[in-house]
1. Residue A:345 is checked against (1) farther than 20 Å from residue B:85 by Cβ; (2) within 12 Å of chain B (Cβ to nearest Cβ); (3) part of a helix (DSSP H, G or I) and fails just one. What number does that condition carry?
2. Do the conditions hold for residue A:296, that is, is it modelled with pLDDT of 90 or more, within 13 Å of chain B (Cβ to nearest Cβ), crowded, with 24+ Cβ neighbours inside 10 Å and within 26 Å of residue A:90 (Cβ to Cβ)?
3. Please count how many residues of the stretch B:80-101 are at the interface with chain A (Cβ under 7 Å from one of its Cβ atoms), outside any loop (DSSP other than H, G, I, E, B) and in contact (Cβ under 8 Å) with a residue 12 or more places away in the chain.
4. Would you confirm whether or not the stretch B:38-48 contains a residue that is buried (at least 24 other Cβ atoms within 10 Å of the Cβ), over 16 Å from the mean Cα position of the chain (by Cα) and assigned to a helix (DSSP H, G or I)?
5. Looking at (1) away from every other protein chain (no Cβ under 14 Å); (2) in contact (Cβ under 8 Å) with a residue 40 or more places away in the chain; (3) more than 27 Å from residue B:57 (Cβ to Cβ), which is the only condition residue B:115 fails?
6. Determine which member of the set A:110, A:106, A:28 is modelled with pLDDT under 95, within 14 Å of another protein chain (Cβ to nearest Cβ) and more than 18 Å from the chain's Cα centre (by Cα).
7. Please specify each residue of the stretch B:243-279 satisfying the condition of being part of a loop (DSSP other than H, G, I, E, B) and over 22 Å from residue A:161 (Cα atoms).
8. Being touching a helix residue (DSSP H, G or I) at 6+ places or on another chain (Cβ under 8 Å), within 12 Å of chain A (Cβ to nearest Cβ), buried (at least 21 other Cβ atoms within 10 Å of the Cβ) and at pLDDT below 90: is that true of residue B:251 here?
């Protein structure tokens, strides 16, 4: 008996969607079995996650707060991955973005009492610029010297982490704690709860303007990828670099620009997190948003709209997963989901044939398969 | 700060990288990129540590670490060789999976003290001036295993018939297949061997070099450094070993210099507890970027590239290289 994989000419749309959902379900079942194996209660864990993230308007709002940086970093990854550019550095670009935004507030370049309409755009610009620079380094190294971007982006994550630690332990430390002082209110992104005086229902809701940044960015990335000439180039390079070269597309230039835009998106996520949610810079400001973003981009098949949906699901996992024991469970679930997705992908792309008799001599009988 | 002791400790720290990087060379020479080294090392580290904690036998821990690394690698092999998934994505998934799983399994292991592997001094060799005390005095037994693994790996790959087959399936699997070499079978074998060695590297951390379990900080990016070293070394075990021991020395130096109060009469700006030490901590990662740049440049200049079939699944009967 042999098992053969035959490429499908065209996979039906429903199959792809069903396989993705199926993969997530299978991953949750496997994760549940592991949770049970190490002495936890999987059903209670899952019910807890569901309840603590979608159970009320208040926690739903907290879920959206966690989803906000994931949407932006997820878009950063999706854009780069669409070109088959492995930007694994969204985490570092996020951190640099948070640092850049913080520098605007704490460096003292703005006089006291500068209004929010000036401070916030400057923080956005600084965050995006810092993230873009952090993305440009691996981009330029790859385009000009052919240096593997996976290694460089990963290493730069560690460098960014120590860079943040230097500032929050050192120059910006608030009386020896590993954090800066709280930002003045001008540097806070507006929250729904700020409008509770006019709309009482908004009381206590933490959702901030960063979510709008994420949604707008998703729209822009969709327009770029699906409706612009530049997006066509990105997709062509991703699908077939050789064809792109014959078509006269400047791959090196696209590589650098995409890396910069990707870094800027992740940097904006960092800005939105310090200005919208934490209101200060601190050590461990990211629970791994930039890494979760990789899985989100893959789960969304690099589609900006689906990045938003996947980000909300993973935001829930991160929010509610904090209280789940053992503490590694959310990370483990993420890994298992990614593996299940890879396997389901194969099932979409290929038809699995199980043959009871060995196939005839391969060279002659096998139909020619496009390579 | 005794330079001999720093270098000796650096050799020990480099051993971890030697195991992981040599393992990755085997997998990549066979044509399969495995970016899951970090995850496999973490699983090796936690499996080794918890087994030693449960049984009191560090050797059983080493065995468990190698098995754990090998099992994760087997998953990567199935997904990339038979299911033809993208090797980059599968490797990343392996790192996530290994990291998360190791944290779940390692819950409650912090602060445990377990049986570790014996250390020994080689009688005659340790008396050789300069090199003796650095290489052969009071080293963990795994350090000596590392000394042996490197030449064996080199000899196997470059000078034996099975090594020729290994290179063939990584360069031109269709031709190897036509010669009657079992491409699938060998790729499985070498990917799993790579995982076993990565698991050994992880177990070497928790049971020999710096005993203890510190969550995902235990490996702290060393799996990725190993992947970078392979590029720097252009898939050669001897060069990878040189790089690994050099990095081990850098790691040790960074730790040890923080305990020195003054250097040549000048106050040490990197004294432990100062915020400037974070710049020291960046160094290994910046060095990786530097050596990968050097490796990429040398590879393009000398036209020594990656194994030609690296990253592409082999499908029997399908055209294309």
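The values are calculated or read from the model by the stated rules, or taken from the named source; none is laboratory data. Note that the structure is predicted; figures quoted are calculated from it, not measured. Cβ sites come from the backbone with ideal geometry, for glycine too, and all protein chains shown count toward neighbours.
1. For residue A:345, the failing item is (1).
2. Judged against the criteria, residue A:296 is a match.
3. Summing the residues that are at the interface with chain A (Cβ under 7 Å from one of its Cβ atoms), outside any loop (DSSP other than H, G, I, E, B) and in contact (Cβ under 8 Å) with a residue 12 or more places away in the chain in the stretch B:80-101 gives 8.
4. Applying the first criterion (buried (at least 24 other Cβ atoms within 10 Å of the Cβ)) to the stretch B:38-48 yields B:38-48.
Filter once more, keeping what is over 16 Å from the mean Cα position of the chain (by Cα): B:47.
With assigned to a helix (DSSP H, G or I) added as a condition, the list becomes B:47.
Yes, there is a match, as at least one residue in the stretch B:38-48 is buried (at least 24 other Cβ atoms within 10 Å of the Cβ), over 16 Å from the mean Cα position of the chain (by Cα) and assigned to a helix (DSSP H, G or I).
5. (3)
6. On the way: A:110 fails: within 14 Å of another protein chain (Cβ to nearest Cβ); A:106 fails: within 14 Å of another protein chain (Cβ to nearest Cβ).
Sole residue among the options that is modelled with pLDDT under 95, within 14 Å of another protein chain (Cβ to nearest Cβ) and more than 18 Å from the chain's Cα centre (by Cα): A:28.
7. Those that are part of a loop (DSSP other than H, G, I, E, B) and over 22 Å from residue A:161 (Cα atoms): B:259, B:260, B:261, B:264, B:265, B:268.
8. Taking the combined requirement at face value, the residue does not satisfy it.
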